[in-house]
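Only one structure is covered here, and it is reproduced in the block below.
Here, each number is a calculation from the coordinates, and none is a lab measurement. Quick caveat, the model's predicted, so the values are computed rather than measured. Positions of Cβ are backbone-derived with ideal geometry, glycine not excepted, and every protein chain shown enters the neighbour counts.
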Amino acid sequence: MMKKYLFGFGLIVPMLFVYSFSESKKSIAPQQKIKPADFIPKGFVLFNTIKGDLDKDGLSDEVLIVKGTDKSKIIVNRFEERVDRNRRGIIILLNKRGRYELSIKNLDCFSSENEDGGVYFPPELSVQIEKGNLYIQYSHGRYGYWRYTFRFRNADFELIGYDSSNNFGPRIDRKTSINFLTKKKLVKENTNQNAESGDEVFKEKWSKLPAKPLVKLSQIKDFDDLISGE
């Protein structure tokens with residue numbers, strides 16, 4: 001009697017409702033969450049948030065810069081200042097129409113903003129999203145900058161470009177640009193040491209890089225080891 005009743009007209013609607021509900025639950029991947037903050041693991045706090053379309057689907061994705069909270073990393077520096085030397089990391093979330101899905105995370109690839117810069121201030125970290133590319137840049141004031149370009153490829157963010165500028169005040173002494181997709185490197189050296197800003201005379205040198213697999217953002221242990229971009 002029970003089997004006949006289950007397939008009877010009276011339970012067709014309830015059975016379809018249960019089936020649809022079960023299917024909708026299965027369609028939500030376990031790694032998807034509604035709030036980006038839910039992806040921040042214990043022992044870390046949010047340092048900065050950057051929004052933009054990274055996978056070119058027209059939806060705004062989120063990049064979370066996080067920072068460790070280990071109390072033992074809060075120290076007194078050589079200037080007798082109490083500083084937080086906890087390292088920072090990155091979590092990238094792709095927008096799946098109202099829910100977020102973890103793309104990659106690398107929780108300690110960036111040094112602390114309070115690192116000892118020696119005779120200089122520590123470089124300033126900034127992150128941008130533009131035209132589907134992720135830009136991670138270190139700026140050193142009047143001494144220049146270096147910047148990494150990542151693109152969402154092969155289920156990760158691969159390093160496809162590197163640019164740097166070595167400055168002396170307003171004057172640019174050397175510029176480097178690397179395209180890791182074409183394996184080409186361009187170095188521009190200023191030959192006019194008396195130049196003001198805009199009066200530089202650059203000598204260009206092109207070179208070919210050896211074929212290597214593209215660096216993946218999820219696998220970078222320390223950005224300080226990537227300063228040359230090679």
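Spin-label model, D224/K71: points 7 Å from Cα along the beta carbon direction are separated by 2.5 nm.
Taking GluC sites (Glu not before Pro) across region 27-99, the ones in a DSSP loop with at most 15 further Cβ atoms lying within 10 angstrom of their Cβ are E80, E81.
What do you get for trypsin sites (Lys or Arg not before Pro) in region 102-160 restricted to DSSP loop and a cutoff of at most 10 other Cβ within 10 Å of the site's Cβ? It would help to have the intermediate numbers written out before the result.
Values: sites: K105, K131, R142, R147, R151, R153; in loops: K131.
Answer in residue order: K131.
Simple spin-label estimate for R99 and E124 gives 3.9 nm between the two label positions (7 Å along the Cα-to-Cβ direction from each Cα).
Using the beta-carbon distance between L214 and Q31 and R0 = 25 Å, what value does 1/(1 + (r/R0)^6) give for FRET efficiency, to the nearest 0.05? So the FRET efficiency works out to roughly 0.55.
Decide, for region 178-230, between rounded, prolate and oblate: order the square roots of the alpha carbon gyration tensor eigenvalues as a ≥ b ≥ c, take rounded if a/c falls under 1.5, and otherwise choose prolate if a/b is larger than b/c, else oblate. In terms of gyration-tensor shape, oblate. The distance from the alpha carbon centre of region 142-193 to that of region 46-79 is 23 Å, rounded to a whole number.
The ranking of S207, S177 from fewest to most other beta carbons within 10 Å of each one's beta carbon is S207, S177. Summarising the label geometry, the points placed 7 Å from Cα in the beta-carbon direction at S177 and R153 lie 1.8 nm from one another.
In this structure, K203 and Y143 have a Cβ-Cβ separation that, at R0 = 30 Å, corresponds to a calculated FRET efficiency of about 0.90.
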